[in-house]
Amino acid sequence: MPVPTEDLKLELVHAATGRTLAAPAVPRADGGLVLGVASGDGAGPARWCLEPLPATAEEDPAYVIRDLVGGKVLAQPATAGQGVRAETAAPGRKTQQWHVVPVEDAAGRYFIEAVGSTTVLDLATPEREADEDEGEADGAEIPVVLRTYDEDVAAQHWRLATADPERISDTVLEWSPLSHWNGRRSWRLAPSGALRPAPGATPSFSDMLLVLEDYGSDQAAGGWQSEQDPRSPLGPNGGWWAGAGARFLADISGTGRADLVGLKTAKTPLTSASRGDGTFEDPRALLQPAATASPADLWTLADLTGEGGLAAVVLAEDGVRVATRGEDGTFVPAGGELALKAFGHGAEAGDWRTEKHPRYLVDLTGDGRLDLVGCHDDGVHVSLQDEDGKFAPVEDEPVLRAFGHDEEAGGWSVDRHPRFLADLTGDGRADLVGCHDDGVWVALQQEDGTFAEPLYVLAEFGTAQGWSSASGHPRHLIRTTKDGTLDLVGFGPQGVVVARGRGDGTFEPARLVLDDFGRAQGWSGKKHLRHLADVTGDGVPDIVGFGDEGVWVAHGRGDGRFDRAQFVCRGFGHNDEAGAWRVDRHPRFLADLTGEGRPDLVGFGGPGVYVARNLFRHFRTR
């Protein structure tokens, strides 16, 4: 796991024995620290935090390791042969400074190295090389000392075990029905007694309300079932290619509010316009079904030219088809016009497969028009859009023999290796970024439009570091500051990990910024959705997680870190009491339904469409 930030509480766990660094039960004459009693998997009282020292270009990151109970810091022994100890902090003292160095090919393990030397934390027992489990049987305390670094000695390996996540609750509101003299019915928001909120908490989301009995997985609500993977990526900054049976949201009417869209094979695609109050009109036809439609088609809505005109784009059997919106709001022609004989799932259009070949709509050159980019078996293929809205033919040879499915092109897999296109350097051109087994690779786009050879830039976010799948460990390229460069944010095995972008195509070392929303805290891609969205309107992304009990939000601080998660809505969750929502049947989104600039929660459940209104503006910023 990456090195945690200073606001996370840790145990320093000896990897071989599972025991933690602690003060002895009876103080030693040299003031030394020991491995205390066994603590299983590192659970138990957290003691330490890592406080980073100012970094320089010539040195590896250094830390002060502070005891959170007494405030003292980890220090080298005063005399050779004595144990490491905790002493009063003295700013600038080298003997109180440490490097935390990852162990190669051992994810989550570290050497804790004294600054200015080649010595690392180790055990005082001389037989440690022969028996990694010594000390477990009799429970005796083992002194911790400094020894010369040896890459072959497992007794020098340590884990950084974070404490259980600290969570709080907003005031949760629920919809209370009101009946009127004329038979009309409406709802008001009333406090819910279901949860005990943190002192002084104010609501940020309402309870969920069923607003439309359609688009649901129950037969009475249409029997909607997704026939394609709902997570097929569209581009680097949100949006998805939608398959048959998919439901999603888009501003169809041009009002600045998100409308409902639903697709069914061989049936009329539907839309329901937002009324601006969190409810929707009845479904109407969006476009007539095409005679050539296939369950394998992928579909999206996008402004291709940057002029505000929405178009329906379909990755069909014969290639890319485009339908433009008419005056009545529908898209014509029904099946779209063939815009490019490529990127399709038929043999003549390249035999592209969703499970192998990601395709993107992205402004590759910075001219405001969206281009088509795909990663096939042999590498990256591109079709640029010209000033007349025409897509250039795709060449037989890839523009870059990398990021492809075949071994010769890197052996990239959709289910394990997420790939992105985004401008990392600020030159207006999109660059290629991918998370492979060993970490992050980047191919910068050059001034002539070609891509440079990929560079290995970061040993994190890969399967070798525990990021086993794209769905289990979502990763994003997004700005965590208002005006900064793009950063990598991921939901890793131990929690939320951030690597800040440097603006030159590389990233700073990854850091664990929140011990929540990760596999260690019970989050799973098969049960839970996790998104990044600005729920407060302050220009900084927040984490929104659909967990077991309901919806949790961790507000972004604007510096690559996040506050503790708050429980904001008791619906949309995996547990029965939270609605029994399932990832494969019940899509959930954040979308602005009111035009106020802050996203609401929208879910397609069994009986239909549910909404929880974003109340942040009403209660916190007025």
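Highest mean packing first, where packing is the average number of other Cβ atoms within 10 Å per residue, the peptides 493-505, 157-169 line up as 493-505, 157-169. Protection proxy ranking of 270-278, 387-395, 443-451, by the mean of other Cβ atoms within 10 Å over each peptide's residues and highest first, is 270-278, 443-451, 387-395. For the chain, adding -39500 (n - 2.57) for each run of n ≥ 4 DSSP H residues and dividing by the number of residues yields 0 deg cm²/dmol at 222 nm. In a shell of Cβ-Cβ distance under 9 Å around ASP378, excluding ASP378 itself, what net charge do Lys and Arg (+1) and Asp and Glu (-1) give? Counting the neighbours of ASP378, the net charge comes to -3. For GLU453 and LEU338, a Förster radius of 35 Å and the Cβ-Cβ distance give a FRET efficiency of 0.55, rounded to the nearest 0.05. Modelled spin-label separation between GLU407 and LEU68, with each label point placed 7 Å from Cα along the Cα-to-Cβ direction: 4.7 nm. Longer than 23 Å from Cα to Cα, which of LYS267/LYS527; LYS72/LYS94; LYS341/LYS390 are they? Say none if no pair is. The pairs that break the limit, which is 23 Å between Cα atoms, are LYS267/LYS527. For the peptides 366-373, 522-529, 457-464, the ranking by packing is 457-464, 366-373, 522-529, with the highest mean count of neighbouring Cβ atoms within 10 Å listed first.
Take the Cα pairs of the range 318-407, get the Kirkwood Rh, then feed it into Stokes-Einstein at 25 °C and 0.890 mPa s and tell me D in µm²/s. Answer, rounded: 176 µm²/s.
The residues packed around ARG325, meaning those with a beta-carbon under 12 Å from its beta-carbon, carry a net charge of -4 if Lys and Arg are +1 and Asp and Glu are -1.
Bear in mind these aren't lab numbers, they're just calculated from the coordinates by the rules spelled out. Bear in mind the structure is a predicted one, so any value in this text is a computation, not a measurement. Please note: Cβ atoms are built from the backbone with ideal geometry, for glycine as well, and neighbour counts cover all protein chains shown.
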